[in-house]
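Take a look at the structure set out below.
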Amino acid sequence: MKEGAHEFTYNGSTIEVWPGVFDPNKTSELLIEAVIKHDLSGKSVCDMGCGSGIVGLMVAKAANPSSLSASDISDVAIENARHNAALLGIKAEYKQGSLFEPWVGRKFDVILCDISALAEPIARLSPWYPPEIHCGAGPDGAEWTTRMLAASSGYLNRDGRVFFATASLSDENRILDVAKSSFTSVECVIKRSWPFREEFWNKIMENETARKLIEKGIVKVLKKGSRWLWDSSIYVGSVKT
């Protein structure tokens, strides 16, 4: 195992997460859970913002796509994902680049999107984005996801679909407005609430910028009993041509 790496296991399959690569979180797992309910036999899949490769690789194991392609802005993440594909014996194509830059001229049946989608001030306080992990999702967390959604129709085959994750720790309304203008239909297929870790929540409350995002309703949280919670949602956008 690479020095400083740790293992991550999902549904009995174990991968390595290298230093400097995004650590899969509950939203990543929820995206996998949503996608593998669909039979993707004969479908070409692109995993956008693949990180360690966990989402695409688990989908490849469970949903039987005809091919898996994946990209990430981080060259370290791409090497990590290639390593994990080899560990699991899964054939996949990996390219480094931002959003659709690596895929100019290509089209896919299914795009999986787990790119950074947390408001930057929240992300930097979270356990998922230490300084060496790229976020860049903007002050409202919607920058990368909205750009991906707006461009995605040009990279989808006929009747293509995009599975994308949102979190209430970003401006979900802005993301969904772009999704609805980009696709024929947009459906929420799964939503789940998670309690904040106490340390994470305290950091948010102590940070004026992060706290104001909540006060303005850009970031949404829910109190249940004595605990504060945030939501993850998985949507599928469909293009009918």
Practice task
Could you state the orientation-averaged shadow area of the convex hull built on the Cα atoms of the chain, in nm² to one decimal?
Solution key: 12.6
Exercise for the section: Could you please report the charge total around ALA119, scoring K, R as +1 and D, E as -1 over all other residues with beta-carbon less than 15 angstrom from its beta-carbon? Expected result: -1
Handout entry: Counted charge near ALA5, where neighbours are those whose Cβ lies closer than 13 Å (Asp, Glu -1; Lys, Arg +1)
Key = -4
Practice task
Please give the length that would be gained between LYS223 and SER185 if that part of the chain were fully extended, namely 0.36 nm times their separation in residues minus their C-alpha to C-alpha distance (nm, one decimal).
Solution key: 10.5 nm
Practice task
Before rounding to the nearest 500, sum -39500 (n - 2.57) across all DSSP H runs of length at least 4 in the chain and divide by the residue total; then give [θ] at 222 nm in deg cm²/dmol.
Solution key: -9000 deg cm²/dmol
Exercise for the section: At most 14 other Cβ atoms within 10 Å and a DSSP loop assignment: could you name the trypsin sites (Lys or Arg not before Pro) in region 184-241 that fit? Expected result: ARG197, LYS216, LYS240
Handout entry: Computed label-point distance, nm, for sites ARG197 and SER41 using a 7 Å Cα→Cβ extension
Key = 4.2
Completion exercise
If every Lys and Arg gets +1 and every Asp and Glu gets -1 at its Cβ, then about the Cα centre the chain yields a dipole, in debye to the nearest 20, of 700
Fill in the blank from the handout: Computed D for region 58-198, Stokes-Einstein, Kirkwood radius over alpha-carbon pairs, 10 °C, 1.306 mPa s, to the nearest µm² per second, is 97
Problem - Charge dipole (the chain, unit charges on Cβ, about Cα centre) - positive-most of HIS38, ILE175, GLY12 - result: HIS38
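Where a number appears in this text, it was derived from the coordinates with a stated rule and is not lab data. This structure is a prediction, so every number in the text was calculated from the model and none was measured. Here Cβ is always computed from backbone atoms with ideal geometry, including for glycine, and neighbour counts include all displayed protein chains.
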